[in-house]
1. In square angstrom, rounded to the nearest 10, how much accessible surface does A:MET95 have for a 1.4 Å probe?
2. Report, in deg cm²/dmol and to the nearest 500, the calculated mean residue ellipticity at 222 nm for chain A, where each DSSP H run with n ≥ 4 adds -39500 (n - 2.57) and the sum is divided by the residue count.
3. As a test of the definition: with a 1.4 Å probe, what buried accessible area, both sides summed, do you compute for A against B, in Å² to the nearest 100?
4. Obtain the nm distance between the two label points defined at B:GLU202 and B:ASP72 by a simple spin-label model: each point lies 7 Å from its Cα along the Cα-to-C-beta direction.
5. Measure out, as a whole number of angstrom, how far apart the alpha-carbon centroids of the stretch A:147-183 and the stretch A:84-102 sit.
6. When only C-alpha pairs under 8 Å and at least 6 residues apart count, what is the relative contact order of the stretch B:6-159, in percent?
7. Just counting partner chain Cβ atoms within 10 Å, what average do the residues of peptide A:27-39 show around their Cβ?
8. Under the classification rounded if a/c is under 1.5, otherwise prolate if a/b is larger than b/c and oblate if not, where does chain B fall, given a ≥ b ≥ c as square roots of the Cα gyration tensor eigenvalues?
Amino acid sequence: MDFYAFVEGPLTWVAILTFLIGIVVRGILYYNASKKTDKMIHKYFSWKWVFSTYAKWLLPNNVTFKKQPLYYLTVYLFHICIVMLPVFAYQHIVMWEMSRFGWSWISLPAGLAKWMTLAVVFIGLFLIGRRAIHPDLKLLTKSSDYLLLALTILPFLTGYLAAHATLGTTGFLAENMQLFHMLSGQLMLILIPFTKLSHAVLFFFSRGATAVEFGRRGYSM
Amino acid sequence: MSDKADPQTMADFFKPRLNARFKTWLKICANCALCADTCHFYLANDRKPEMIPAYKVRFINEILKGKVTIDDDYLKKMYETVYYECNMCRRCALYCPFGIDIGLMVGLQRAMLHNVADIQPAGLKSAIESYKQFGNQMSLTQEDWVDTIEWTLEEMEDYYPTLDIPIDKENVDLLYTVNAREPKFYPQDIQEAAIIFNAVGESWTVPSVDGWDDTNLAMFCGDLGTSKMLVEKTFKQAEKLKAKRVAITE
């Protein structure tokens, strides 16, 4: 098996399974620790507060959106594209159709997918630039913040370059772009459960817990 | 710096107290600075970056990782941050996309300073000593308290002949508790509450013994032992007098 086949086959499965099992385990670990150490949250738990906070924060319908609408919508778009593209890009669905599962589902129109990919890259670069310039962010930012942002952009950048053959068809970079795309995507999937990117799942627990804490005092966040 | 205050003891204080939420928050905070202009300390200090709420909980991670030198200067900086740059109002929590509650974690840092390094504002320290010795923050004796109620009432006789401040009356709706500053400095506050309660015909009483001071300053520096003792004293009186509810002063 050559390296390309290895990355396309077994490594892809390792990455997807690490991601899926990883986020489930993260959730279970949080829940178990929370049962022991956050008894108040469980005592006053109510889906009412939890769902209402999800509805406000998974949609642009909250206090921070009202305070900083432009920034909020930018970052909102960034997240939507990151979640949608890997699942609904037709090039990915084709791979699932050809796999042993033969699964298929609706895909994003190619033109839209292209703009969404560019959005991730440019918003990502904007967020990196903002961290480097804004005095508040400069103070808070650690090198890992830059690294994770760069690693988040990478699969989308390489995906764009591979899909549109922007760099032409010859040369080391152009010839291996698909390989770089798969490797960067796999790296990101594997990193999600172990780094700050775990907010993909911990967001729901953290928001839920705080919503219960404020909700029992009658304030719906 | 006291002998107790070595970095390992500090880390050991934090570890069991970092609940699932705190651990998650310290891990996932995206350093996005959206909390910055929700903070009145940030806004009142010309948007000084050091006043960003997310920046005020850095001490926990730093102490746990053990990569910083923890000396008097470090603890002084921490003390100033957690007492004079945050009053734990929790407004930033309302604006954080993750719902990270910085106020609670500032509270934990205050608790560490008080319990491990014995660092706290002088006023809180003396209030705690008073709570432990007298059961209230103003070092009043039980006689002082009952006397104050009695002369307060006498003083009002001419204006409100029917006025009453029932002491230790059983089976009432409200057990009324006050700030210890009231009997000490502002007895008119007690008079005014009494006037209102009498005017509306409220069924109420004040306890004659410990439990009448409803302030809990020990809570502000994380002295949970004293804090618990104070609440228990009040509830003990409520149970003894079979009061339906406990009311606290304004």
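The values are calculated or read from the model by the stated rules, or taken from the named source; none is laboratory data. This is a predicted model, so every value here is computed, not measured. Note: ideal-geometry Cβ built from the backbone for every residue, glycine included; neighbour counts use all protein chains shown. With ligands, DNA and RNA removed, areas are computed over all heavy atoms of the protein, side chains included. Shrake-Rupley method; radii C 1.70, N 1.55, O 1.52, S 1.80 Å.
1. 80 Å²
2. After summing the helix terms and dividing by the residues of chain A, the value is -24000 deg cm²/dmol.
3. About 3000 Å² of accessible surface is lost on pairing.
4. 5.0 nm
5. 18 Å
6. Computed value for the stretch B:6-159: 21 percent relative contact order.
7. Per residue, the number of nearby Cβ atoms from other chains is 3 on average.
8. Prolate is the answer for chain B, as a/c is 1.5 or above and a/b outweighs b/c.
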